[in-house]
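Participant: Structure below; questions to follow.
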Amino acid sequence: MLVGVCDFPGSYAFPPAGYGGIERWLWAVAVGARAAGADVHLLGPGWLPDLENDWVRKPVRLEDITPGTLAERELRDTGYDILVVGHEYPSLPAWTRTWSELDCDVATFQHSPVFQHTTTAFDGRRSRLYCYSFEMTERYADHWPIPELAVHLGYREEEPPATAGTELVWLGRIDEDKAPHIAARAAQILGRRIRIVGPVFDAEYVRRHERLLTADHVKWIGELGGPDKTAAIADASVFVYTYARAYVEAGAAVFGESLRAGTPMAALTWRDGTCAQAALCDETGAVVVVDPREDDDIAARRLANAIAQAESLDHRRVQDIGMWRFDPARHFQAMATRPC
């Protein structure tokens, strides 16, 4: 099987170190396809140049190809079986015009809870959309969504053998949507230290919750990538997951990252059917569903109970399950197989 994994214009490299959700997913697909025995071409100019010794890189983007040109003919003659691409592209006319000239499938994963697709973007067979949670498959029900847990990998972020850590960790972008202040309050209730890892996306949010986010028990780490990021997760006793009441998580990378590192999760949700429920089980974490009408302090107390519950789990068992559930080869094979 010949697989083309397509980049897109963006601010993060392919593959990224640190933050970059869709970019990390595309890299995981490329790694998984190769592990599954497929031949892989990295399409587009965004892929890191130092991958050239190990990967076939072609700097072409489908949306930039002029109809009837040698470039289009060469792309068609290459004989791709499947293209894997960011979720916007099956609804981009210039991209789909070139793809329609190729005799291949296209697969993508919905990484945004609000993007609107065209009515003809997916048919559920040759063009396929994958969604993480029941909540997301419901939102995109008109596009034949297929349930699947997304796998995300960073560059040089291989996980060490699982160990039981000491402090708590929260990782992600720091803004209102991700609500790390609730994690900080839960740690405070337990008398525990927590590390906040990630880039600040909203300085005003940080100012509003400054008292909690700068308390003595909170340690700011900043954005990490590569082995440092993996170590920050692997060295924790529990990964604390939070988000805001109105926010819909499309397919968070942190679930796979934490479980593959052997770190159990304590997850706060405001409803059922979310990514947390899709990703976790009783052996890998504890999920608490809080009525969104409750205030942040009540939510933090419920989350604190989940942290205490998750802390008793076996880190090695968590890693074993994580490596199976978030295996890149399994993920690729699921996406590369047409539904019956």
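Every read-out reported here was derived from the displayed coordinates using simple, explicitly stated rules and does not represent laboratory data. These numbers come from a predicted model, not from an experiment. Because the Cβ atoms are built from the backbone with ideal geometry, glycine has one as well, and the counts that use them run over all protein chains shown.
Participant: How large is Rg/Rh for region 2-155, to two decimals, with Cα atoms and a Kirkwood Rh?
Facilitator: Answer for region 2-155: 0.94.
Participant: While we're on this one: Can you give the local net charge around residue 16? Use residues other than it whose beta-carbon is closer than 9 angstrom to its beta-carbon, Lys and Arg +1, Asp and Glu -1.
Facilitator: 0
Participant: Something else about it: Using each residue's phi in region 141-156, evaluate 6.51 cos²θ - 1.76 cosθ + 1.60 at θ = phi - 60° and report the 3J(HN,Hα) Karplus result to the nearest Hz, with x for Gly and Pro.
Facilitator: 4, 6, 10, 6, x, 10, x, 6, 7, 6, 10, 10, 10, x, 7, 6
Participant: Give the relative contact order (percent, whole number) for region 74-163; include only Cα pairs under 8 Å separated by 6+ residues.
Facilitator: This gives 23 percent for region 74-163.
Participant: Tell me, what is the FRET efficiency for residue 78 and residue 245 to the nearest 0.05, using R0 = 56 angstrom and their Cβ-Cβ distance as r?
Facilitator: With a Förster radius of 56 Å, E is 0.75.
Participant: How big is the gap, in Å, between the Cα center of region 180-258 and the Cα center of region 104-119?
Facilitator: Answer, in whole Å: 29.
Participant: Given a cut-off of under 8 Å on Cα pairs at least six residues apart, what relative contact order in percent is computed for region 148-259?
Facilitator: Relative contact order here is 41 percent.
Participant: Continuing with this model, one more query. Roughly speaking, what is the centre-to-centre gap between region 34-67 and region 280-340 when only Cα atoms are used, to the nearest Å?
Facilitator: Their Cα centres are 33 Å away from one another.
Participant: Using a Cα-Cα cut-off of under 15 Å, which aspartates and glutamates could be cross-linked to residue 219, ignoring same-chain neighbours fewer than 8 residues away?
Facilitator: Within the straight-line limit of under 15 Å, residue 219 reaches these aspartates and glutamates: 167, 210, 235.
Participant: Kirkwood hydrodynamic radius of region 83-161 from all distinct Cα pairs, in Å?
Facilitator: 13.6 Å
Participant: Could you work out the relative contact order of region 216-340, using alpha carbon pairs under 8 angstrom and six or more residues apart, expressed as a whole percent?
Facilitator: After rounding, I find 26 percent.
Participant: Amide H of residue 224: which non-local residues (sequence gap of 5 or more, or other chain) have their own amide H closer than 5 Å, using H built in the peptide plane?
Facilitator: Close amide H contacts, sequence-distant or interchain: 198.
Participant: If Lys and Arg each add +1 and Asp and Glu each add -1, what is the summed charge of the other residues whose beta carbon sits under 10 Å from the beta carbon of residue 250?
Facilitator: Net local charge, residue 250 excluded: -1.
Participant: GNM, the chain, Cα, under 10 Å: largest mean-square fluctuation among 91, 100, 237?
Facilitator: Judging by the Gaussian network model, the answer is 100.
Participant: What net charge is computed for the residues neighbouring residue 178, neighbours being all others with C-beta under 10 Å from the C-beta of residue 178, Lys and Arg scored +1, Asp and Glu -1?
Facilitator: After counting each charged neighbour, the total is -4.
Participant: Something else now. Simple spin-label model, 7 Å along Cα-to-Cβ: residue 314 to residue 118 in nm?
Facilitator: With each label point 7 Å from Cα toward Cβ, the separation is 5.2 nm.
Participant: If we count other beta carbons within 10 Å of each Cβ, what is the order of 340, 131, fewest first?
Facilitator: If I rank by nearby Cβ atoms, fewest first, I get 340, 131.
Participant: I need the fraction of alpha carbon pairs in region 168-323 separated by more than 20 Å, rounded to a whole percent.
Facilitator: Result for the distance tail: 43 percent.
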